[in-house]
Amino acid sequence: MSNLKYRVLLIVALVAASLWSLFPRKVVERVKRGDTYVFDTVTRVPLKRGLDLQGGMHLALEIDESKGTVADKSEALDRAIKVVRTRIDEFGVAEPVVQKSGTDQIIVELPGIDDPERAMGVVQKSAFLEFQITDKTSALEKALPRFDAILKEAGAAVGVAAAGDTAKKGEKGLQELFTPGKDSAAKASNDSTKKDSLALTPGGAFSKLIQQGQFPGEYFVAEKDVPTLQRYLDLPAIKAAIPPGKVLRWGSETQSLGATQYRPIYLLDSRPIITGEYLVGAKPNQVPLEGTVVEFTLNNEGGRRFRAETAKHIRDYMAIVLDQRVMGRPPVIQGAIGTRGQITMGQGRSLQEAQDLALVLRAGALPVPLKVAEVRNIGASLGQDSIRNGIRALIIAVALVVLIMVVYYRFSGVLSVIALGLYVMYTAAMLAYFNAVLTLPGLAGFVLSVGIAVDANVLIFERIREELARGKTVRTSIDEGFRHALTAIIDTSVTTILTAAVLYQYGTGPVQGFAVTLIAGITASLFTAIFVVRTFYLLWLSRSRGAQTLSI
Amino acid sequence: MLRILHDTNFDFIKWWRTAAGLTAAFILLGLASFAFRGGVNRSIEFTGGTLMQLKFTKAVDAGRIRSTLDRAGVRGAEIQQFGADNEFTVRAQNSEDVASQAAGAETVAQRVEAALTKEFGANSYTVGRTEAVGPRVGEELSRNAAIAMLLASLVTLVYLAIRFEWRFGVAAVLSTAHDVLVTLAFIKLLHVEVSLTVVAAILTLLGYSGNDTIIIFDRVRENLKKDRKSPLYDVLNRSINETLPRSVLTHATTLAATLALLFFAGEVLRPFAIVMAFGIFVATFSSIYVASPLLLWIEHKWPRTSSDKASGKATVRASRTEIPPGERSPRPRQPEKAGTR
């Protein structure tokens, strides 16, 4: 009988362990408060829910090689992961996942995100920050005839109306709007507008689209002409003809003048006086004149270099270039700048945008551009629905199985149903213990395994019935039943576990959840159907010694 | 004691021709559908594309959504009612869209949302989920699913082959392969959307149908040891009849769980549940009408020789021939009434 005692002890110990691992504990997660979801500390059963159940976003990112090939992809990806992880951590998600998948993908999982576009922006932004001085040598003006000639040769369609009229009309407005208000800047802009207020060289297909801005190196392009000009700029011949040591960069936002929208484009010295690698801090702010800004701080070394460089460029205009786009309008350098500066995002930009920019600046630049290869976004309410439906299906499945077993096998059925209860508890505990993620297919696997779990008991009970029918005693029949059914039960489990293992290896998140639940379920059912039910029988036999009949 | 199908004595094997005809016809129908109407209806996980699940505040007409999207340039999108009459899925699998999305253009989801907001108003609907899959990811996943299918089949088959002496192994393997074929035909004919979850269902069935065959064959093997006189035909029939209550019961419980999934677990899991429910029927059917006749046929085709017997595995006779003297020799057997340990 000591054997029996240990059996009971083991079962009880496992129940205790299960209860312990399923015991509700405090976790921080998103919960619904009224109509919105907020982070809060809640006490709940520590079962991890997949994105499809709690809502959230799954992103697969790849290196974007459309803008140049990457030599060592794997290394670049490792560095990119670090940056992405830092950004995500700052983004404030409860339990984010950032990991490498294969050799060329980054998987990002953000539970409980409800603004996927914004999250994608934060993750994808390469955030390469450069400070570049605008061109003072009128290099673009000199190059324009060459550009026009190239386009003429290429026979490019010229059919874009010159924006001369509107430009003239808008000129006064331009002056009013763009005068930065500082003395030197005002002078400079007055100079430039005086110098020429017309399109640069009339006639050429290229120069027709472009007109001078208010200081050296700044030009304006009517918004409707932007795609055309971009197309020209993409031509290899034009690219080759850009003055050496200079780069052309679009401005980040348009300026509207009357009915016409203008987008600034800048010719910059290609050598940055400093890059974002010296940046140590960035925070958003809103200031009266410039609107939303991001204030940044450089480290000491960066500050030294910045001071030295800016001292050389007093009265020059400095473009703050983020991801090859000039942020705001380049300010004039009044004097040497040290460790502090700001990026102007312009009026009408939300503080959140500035927040996101500050965030990616702090986290650093991406070593390679990334593109989104896959997005899955599941709303929190859909996740709730799925959980509710899944639990409902589970309860109904269990109820049906219980009904079948108890009606058909009576007392033995009751034993198997108690074992089934233990089975559900053990399986859930195993999932919690191994930190497995419960997904919607996982719930399906759980429901399904409830049906399969009693299979072993059915096999055993049928066998016991046969043995009883042959006139064997109750005790012998039970022993025989378990012994004969064992091989078949093990076969069943092995084949299913093998398939589940394959699925886990090759599946994606939700299906992996299915595989895990199935494996956990089958392991638990082996124990409950064979060991636990047998122990119940042994207990029953020890209570009612010499029982002549068995309700089965 | 409640009993169903107890002590039955059906001649299951007798019907094997009818059964084979039925199942062959079904498979052929499926194959024909594959041949003339292309492959299965694959989900965007595999094809690449965009899937959106929308819930409107009130019932809307699918046609209106379709025309709105057409005007917005999201052409060829498939719009399907998803459960209630105010819930829809939009599936854009247009290869152009997939390609442009990969190139970093404005996403299809954004275009769909913009168009719908314009047509129906800003708060008239919510987006339950969005899935956008690039072409390369889709290809990779398709490949992975194919590898998983092959590998899982292989693993199951190898296990069955090791577990049984080869004649049983081949019969079990062929019957399992049959189940997968029939299930695929079913998926094709019913136009079930094949997602990774459905692939998971097919693989689960692979294991499940193997089990059923194992249980009947186990009984066959046991009966062959006990009864060395009856022909295999009778032994097979008896084994099927003996395991019948078990088959019915266990399928009843699994089916109950599957039906609970089918009717109560929501739309997302429905394809999984449908395939699973069908597969359970097929598994039952095939272990009786496919695996057993196959075994009979194999035994008939390759009768046992003395070397087979030496291996110590179960021996059977395919026909009512006289028992070879060698087989009468006493062999070590498992004690039948050892019971009380």
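Some notes on this structure:
- Residue in the range B:269-293 that is surrounded by the fewest Cβ atoms within 10 Å (Cβ to Cβ), counting only those that are of a type in the set (Phe, Trp, Tyr) and more than 11 Å from every other protein chain (Cβ to nearest Cβ): B:281
- Evaluated against (1) at pLDDT 80 or above; (2) crowded, with 17+ Cβ neighbours inside 10 Å, residue B:101 falls short on exactly one condition, (1).
- Hits in the range A:341-390 - residues which are basic (Lys, Arg) and more than 20 Å from residue A:111 (Cα to Cα): A:349, A:362, A:371
- Between B:130, B:126, the distinction of being surrounded by fewer than 20 Cβ atoms within 10 Å (Cβ to Cβ) and hydroxyl-bearing (Ser, Thr, Tyr) belongs to B:126 only.
- Selection from the range B:190-210 of residues that are of a type in the set (Gly, Ala, Ser), touching a Pro at 6+ places or on another chain (Cβ under 8 Å) and within 7 Å of chain A (Cβ to nearest Cβ): B:200
- Residue within the range A:357-371 that is within 10 Å of chain B (Cβ to nearest Cβ) and in contact (Cβ under 8 Å) with a residue 40 or more places away in the chain present: yes
- Looking across the range A:89-110, the residues that are assigned to a strand (DSSP E or B), of a type outside the set (Val, Ile, Thr) and within 17 Å of residue A:54 (Cβ to Cβ) come down to A:109, A:110.
- Of the residues making up the range B:210-239, those that are of a type in the set (S, T, N, Q) and in contact with a helix residue (DSSP H, G or I) (Cβ under 6 Å, 6 or more places away or on another chain) are B:211, B:213, B:223, B:237, B:239.
- The range A:215-248, residues that are closer than 11 Å to residue A:134 by Cβ and outside any strand (DSSP E or B): A:215, A:216, A:217
- When the range A:44-87 is filtered for residues that are at pLDDT below 75 and under 21 Å from residue A:113 (Cα atoms), only A:44 remains.
- Filter result for residue B:129 (touching a strand residue (DSSP E or B) at 6+ places or on another chain (Cβ under 9 Å), at pLDDT below 85 and facing chain A (nearest Cβ under 10 Å)): yes
- Residue check for residue A:497: in contact (Cβ under 8 Å) with a residue 24 or more places away in the chain, surrounded by fewer than 21 Cβ atoms within 10 Å (Cβ to Cβ), under 21 Å from residue B:213 (Cα atoms) and not basic (Lys, Arg): yes
- Some residue of the range A:331-352 being touching a Lys or Arg at 6+ places or on another chain (Cβ under 9 Å), assigned to a helix (DSSP H, G or I), among the small types (Gly, Ala, Ser) and surrounded by fewer than 23 Cβ atoms within 10 Å (Cβ to Cβ): no
- The range B:248-263, subset buried (at least 21 other Cβ atoms within 10 Å of the Cβ) and either under 19 Å from residue B:6 (Cβ atoms) or among the β-branched types (Val, Ile, Thr) (or both), residue farthest from the other protein chains (Cβ to nearest Cβ): B:258
- With respect to the stated conditions, residue B:266 is within 22 Å of residue B:194 (Cβ to Cβ) and within 9 Å of chain A (Cβ to nearest Cβ).
- Condition met for residue A:321 (at pLDDT 80 or above, assigned by TED's automatic domain parsing to the domain that holds residue A:86 and touching a strand residue (DSSP E or B) at 6+ places or on another chain (Cβ under 9 Å)): no
- Residue check for residue A:424: part of a helix (DSSP H, G or I) and within 7 Å of another protein chain (Cβ to nearest Cβ): no
- Some residue of the range A:502-515 being touching a His at 6+ places or on another chain (Cβ under 8 Å), touching a residue at least 40 places away in the same chain (Cβ under 8 Å) and more than 7 Å from every other protein chain (Cβ to nearest Cβ): yes
- Filtered residue count, the range A:471-484, keeping only those that are more than 9 Å from chain B (Cβ to nearest Cβ) and either within 53 Å of the chain's Cα centre (by Cα) or free of Cβ contacts under 8 Å to residues at least 24 places away in the same chain (or both): 3
- Of the candidates A:366, A:359, A:431, A:459, the single residue that is in contact with a helix residue (DSSP H, G or I) (Cβ under 6 Å, 6 or more places away or on another chain), crowded, with 20+ Cβ neighbours inside 10 Å and in a loop (DSSP other than H, G, I, E, B) is A:366.
- Considering the conditions (1) crowded, with 23+ Cβ neighbours inside 10 Å; (2) more than 11 Å from chain B (Cβ to nearest Cβ); (3) within 18 Å of the chain's Cα centre (by Cα), residue A:415 is excluded by exactly one of them, (3).
- Residue in the range A:528-549 that is in contact with a Phe, Trp or Tyr (Cβ under 9 Å, 6 or more places away or on another chain), in contact (Cβ under 8 Å) with a residue 40 or more places away in the chain, part of a helix (DSSP H, G or I) and at the interface with chain B (Cβ under 8 Å from one of its Cβ atoms) present: no
- For residue B:123, the criteria (1) in a loop (DSSP other than H, G, I, E, B); (2) within 19 Å of residue B:34 (Cβ to Cβ) hold in every case but one, which is (2).
- Residue within the range A:308-320 that is outside any strand (DSSP E or B), out of contact with any Leu (no Cβ under 9 Å at 6 or more places or on another chain), among the β-branched types (Val, Ile, Thr) and surrounded by fewer than 18 Cβ atoms within 10 Å (Cβ to Cβ) present: yes
- Among the residues of the range A:382-404, those identified as at the interface with chain B (Cβ under 7 Å from one of its Cβ atoms), touching a residue at least 24 places away in the same chain (Cβ under 8 Å) and of a type outside the set (Val, Ile, Thr) are A:382, A:386, A:390, A:393, A:397.
- Within the span defined as the range B:217-238, every residue fails to be within 12 Å of another protein chain (Cβ to nearest Cβ), assigned to a helix (DSSP H, G or I) and hydroxyl-bearing (Ser, Thr, Tyr).
- Residue in the range A:505-523 that is of a type in the set (S, T, N, Q), modelled with pLDDT under 85 and part of a loop (DSSP other than H, G, I, E, B) present: yes
The values are calculated or read from the model by the stated rules, or taken from the named source; none is laboratory data. Please read these numbers as outputs of a predicted model, since none were measured by experiment. Positions of Cβ are backbone-derived with ideal geometry, glycine not excepted, and every protein chain shown enters the neighbour counts.
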